[in-house]
Amino acid sequence: MINRSRLESVTERIIEGIIRFCGFSAILFVFGIFFFVFREGSGFLFSGLDIGQFLTSPEWFPTSVSNKRYGVLALLAGTASVTALSMAIAVPFGLGAAIFVSEFCGPKLKETFKIVIELLAAIPSVVWGFIGLTVMNGVIIDLFDAPIGLTVLNGGIILALMSVPIIVSIGEDALKAVPDSYREAAEALGATRWQVIYRVLLPAGKNGLLAAVLLGIGRAVGETMAVLMATGHSVQFPSNILDSVRTLTATIAAELGEAPVGSDHYQVLFIIGILLFTITFIVNLASDLVVKGIRNK
Amino acid sequence: MSKRQQLLYLFVIFTLMIAVAGCGSGGDSSETETSDKAVIQNAGSDTMVNLAQAWAEEYANVQPTVSVEVSGGGSGTGIAALINGTVDIANCSRQMKASEIERAKANTGKTPVELIVGYDALAVYVHEENPMNEISIEQLANIYGEGGNITKWSQLGISHSTCSGDEVIRISRQSNSGTYHYFREALLGNTADFKLGSRDLHGSKDVVELVEKTPCAIGYSGMGYRTDHVKVLDVAKKAGEQAFSPNVDNALSGDYPIARPLYIYSLGEATGKAKEYLDWILSAAGQKIVSANGYVPLETGAPMTESSDSSN
């Protein structure tokens, strides 16, 4: 240790530098992206855009010849409804599966399960969208006697299938992190299996399980291609789950490619990007506060 | 054991990915290496992408030393690429806007040159079990336009038994596609907008596919995208007038009311290989491909060529 050669100490320092750079680069990239999105949208955001109308009007007419209107309320409602439905499906299924994988099944079955779930996570979103557009559309028309199958329900189910793998794998890790001594103590006190899970494991793994759910929500809010194809891409308020909607992300994806660079329409799409940034920031902040609150109890 | 299994799976997947990627790039490089081809970059209109692909494939036989690389993305995308200089020629299913021409001049110092390469009739598609056979521009305006009052099939005087709820499901395109702009202008003129709440799909082909599977739907798309499983309506200029089906003769005679020219733009007069390619597209051989793909070829003296003069 004392006789460390000069070469070793130099390489040590270089490697340390590289690792430090890797750490800081994450922050750099996040701020870089935020700066870029903000710069592209800021011109119109501060001069020209009526922010009140932007947030409260459901009228989205970005390419109207006579009267352009930029209102994202219907798009917000679309994102909210699809995300809410997908979480209503994915959270019980995902957490249930996490509990099953971590507490009930044997080691062999567990391995199979984990591989299958990881395979589910590996399916590209455009393939999910394609399934929504071609398979689920017909199924929903037949099952619910609906006029069209590209609906909140279709998008919600597909997003649920996409977020379940995340919820399962992170939720399972959270439950695995609960020390075995807790389980043993509970069982020694005569608790049934259900009581162990409900009274001991869930409270002990609360933070990790919440993180799992929030990451699932993040996946659902940010997903683009699948919802673009499966929800029908239609600007309207959904009155039930068999209505078509359009989400914020899908609007950016569909319209940015052909919006002339620098035009109002182009800048509004970047402002939607800022809005999405803000939404995810609020979700993350809220989750941090909730987790802290739980910890302090 | 479990970790090893996981690693094994990962390894297998990675090997497959690398193998696939290797094949792909190997094929590409062999193409470019074996010959020193001149490459013409071509992008733009989603309506024209199949046609442009067919031209490119046929031209590879005619002129093996030139390869034409075609991509879609939409008329606006093609024009943006032209202005940025990433493509040599851009396909466009609408005319370039004045603002776009200005931008091209400012960015490149060259004026875009317009060339009409064929015509497209926009077909109105409904489900094959829909009993309707013809529709008028007025009715379409009332279905699609803001303030239009037709929301049920029964309002059009038909009983559509396979459509539960009787609702007219409007299938449209994303609001900046050339097809959308042309259809809106043809129906509503330059001032009005479409109603919100239409399903805005992202490609010409998607519209036809969705109409095929949705009994209540009505949609519009280039007539080249027609399949055997959808019904194409005859369209009349006004209610009570004779309706015409979208075909080559009716489009050329001007009887079919929603037909439009298809354009190719270049920056300045095309020169060299690109000029040869465009000349070939306008020749009999190139125009044969236009009709083979379900579009309307150019015909000298046809009534719709009024704007082609400006391109020369």
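The values are calculated or read from the model by the stated rules, or taken from the named source; none is laboratory data. Note that the structure is predicted; figures quoted are calculated from it, not measured. With ideal geometry, Cβ positions are generated from the backbone for all residues, glycine too; neighbour counts draw on all protein chains shown. Surface accessibility is based on the protein's heavy atoms, side chains included, excluding ligands, DNA and RNA. Shrake-Rupley method; radii C 1.70, N 1.55, O 1.52, S 1.80 Å.
Given a 1.4 Å probe and the protein chains as shown, residue B:216 ends up with an accessible area of around 0 Å².
Which of the GluC sites (Glu not before Pro) across the range B:171-261 are loop residues per DSSP, with 14 or fewer other Cβ within 10 Å? Those satisfying the criteria are B:241. Per residue, how large is the accessible surface of chain A? Use a 1.4 angstrom probe and give square angstrom. Value for chain A: 52 Å² per residue. Of all DSSP-defined beta bridges confined to the protein assembly as shown, some 60% are antiparallel rather than parallel. Among residues other than residue A:167 with Cβ under 12 Å from its Cβ, the summed charge is -1 (Lys and Arg +1, Asp and Glu -1). In this simple spin-label approximation, residue B:253 and residue A:105 carry label points 7 Å from Cα along the Cα→Cβ vector, and these lie 6.8 nm apart.
Other residues lying with their Cβ under 9 Å from the Cβ of residue B:216 contribute a combined charge of -2, Lys and Arg counting +1, Asp and Glu -1.
Among the helices of chain A, those built from whole DSSP H runs whose Cα atoms reach 18 Å or more along their own axis and whose mean Kyte-Doolittle hydropathy is at least -1.0 are A:6-46, A:73-99, A:107-122, A:152-176, A:206-222, A:264-296. Taking residue B:231 as the anchor, which lysines have their alpha carbon closer than 25 Å to its alpha carbon, excluding any fewer than eight residues away along the same chain? Reachable lysines: B:152, B:195, B:205, B:213. For the protein assembly as shown, carbon and sulfur atoms together expose 61% of the accessible surface, with a 1.4 angstrom probe and every protein chain in place.
Once B binds A, the 1.4 Å probe can no longer reach about 3100 Å² of accessible area, counting both sides.
With both labels modelled 7 Å from their Cα along Cα-to-Cβ, the residue B:128 to residue A:65 distance reads 3.7 nm. Pairs of Lys residues in the range A:69-296 that lie 8 or more places apart, or on two chains, and have C-alpha atoms under 20 angstrom apart add up to 5.
With label points built 7 Å along Cα→Cβ from the Cα atoms of residue A:55 and residue A:34, find their separation and express it in nm. Inter-label distance under the simple model: 1.8 nm.
Note on residue B:275: lysines with a C-alpha under 20 Å away, same-chain residues under 8 apart excluded, are B:37, B:110, B:288. Taking a ≥ b ≥ c as the square roots of the eigenvalues of the Cα gyration tensor of chain A, is the shape rounded (a/c under 1.5), prolate (a/b larger than b/c) or oblate? Verdict is oblate for chain A.
Solvent-accessible surface, computed for protein heavy atoms with a probe of 1.4 Å, shrinks by 40 Å² or more for the following residues of the range B:186-221 when the other protein chains are added to the isolated chain: B:190, B:193, B:196, B:197, B:199, B:200, B:202, B:210, B:213.
Decide, for the range A:60-114, between rounded, prolate and oblate: order the square roots of the alpha carbon gyration tensor eigenvalues as a ≥ b ≥ c, take rounded if a/c falls under 1.5, and otherwise choose prolate if a/b is larger than b/c, else oblate. Judged from the Cα gyration tensor, the range A:60-114 comes out prolate (a/c at least 1.5, a/b above b/c). Cross-link partners of residue B:105 among lysines, defined as those whose alpha carbon lies under 20 angstrom from its own and excluding same-chain residues fewer than eight positions apart: B:97. Ordered by 1.4 Å accessible area with all protein chains kept, A:21, B:194, A:104 run largest first as A:21, A:104, B:194.
In terms of overall dimensions, the C-alpha atoms belonging to the range A:13-136 reach 65, 55, 25 Å along their principal axes, ordered largest to smallest. The relative contact order of the range A:185-252 comes to 22 percent, based on Cα pairs under 8 Å that sit 6 or more residues apart.
Take every Cα pair under 8 Å whose residues are at least 6 apart in sequence, average their separation, divide by the length of chain A, and the relative contact order is 25 percent. Each Lys or Arg adds one and each Asp or Glu takes one away; over the other residues whose Cβ falls under 14 Å from the Cβ of residue A:261, this sums to -3.
Think of it as helices only: each DSSP H run of n ≥ 4 in chain A is worth -39500 (n - 2.57), and spread over all residues that comes to -23000 deg cm²/dmol at 222 nm.
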